[in-house]
Amino acid sequence: MTVAGAGAAAVAIAEDVRARRVSTRAVVAAALERIAERDPALNCFTHVRRDAALAEADGIDRQLAGVPFAVKNLFDVAGIVTLAGSRIIAARLEADGVVAAPVAPARG
C-alpha cells in the first residue's frame with residue numbers, strides 16, 4: 001500500500017485526502033487490497049463490503065472521509081449479519097448500531 005504509507009495514521013490519511021494528494025477511492029482501494037492480501041492468514045473479517053466501499057468512496061474527499069474504517073462484527077451494521085463470534089446468535093438488523101451510526105452519513 002503506497003497511499004499515505006502502509007499502516008498510516010488516520011490523521012495522515014485524512015490530511016492527504018483534504019489536500020487532494022490522494023483520492024478517497026485510492027485510499028479505500030489500497031485498504032481493500034491489503035485486506036485481500038492479509039485476511040486469508042489473519043481471518044479478521046467476516047464480511048468485506050468491497051463494491052459498496054468503492055462506490056461510497058467516489059466523490060467523498062472531505063475531512064475524515066476516505067479513512068478506511070472497519071467495524072468489528074460485534075456491532076450492528078445495516079444489511080450485515082451480526083455474528084458476535086457465534087453463528088448461533090446471528091441476527092439481521094436493518095439499522096446501524098451505536099458504533100457504525102456516526103459514519104453512516106458518509107456512506108451516503
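At-a-glance table
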| quantity | calculated |
| --- | --- |
| Members of the range 16-55 found to be charged (D, E, K, R) and in contact with an Asp or Glu (Cβ under 9 Å, 6 or more places away or on another chain), listed by number | Arg18, Arg20, Arg21, Arg25, Arg49 |
| Selected residue [modelled with pLDDT of 70 or more and surrounded by fewer than 17 Cβ atoms within 10 Å (Cβ to Cβ)] from Ala30, Ala26, Ala104, Ala78 | Ala78 |
| Residue that is modelled with the highest pLDDT [pool: residues in the range 1-23 that are exposed (fewer than 14 other Cβ atoms within 10 Å of the Cβ) and part of a helix (DSSP H, G or I)] | Ala12 |
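The values are calculated or read from the model by the stated rules, or taken from the named source; none is laboratory data. Just so it is clear, the structure is predicted and the values come from calculations on it, not from any experiment. Cβ: placed from backbone, ideal geometry, glycine included. Neighbour counts: every protein chain shown.
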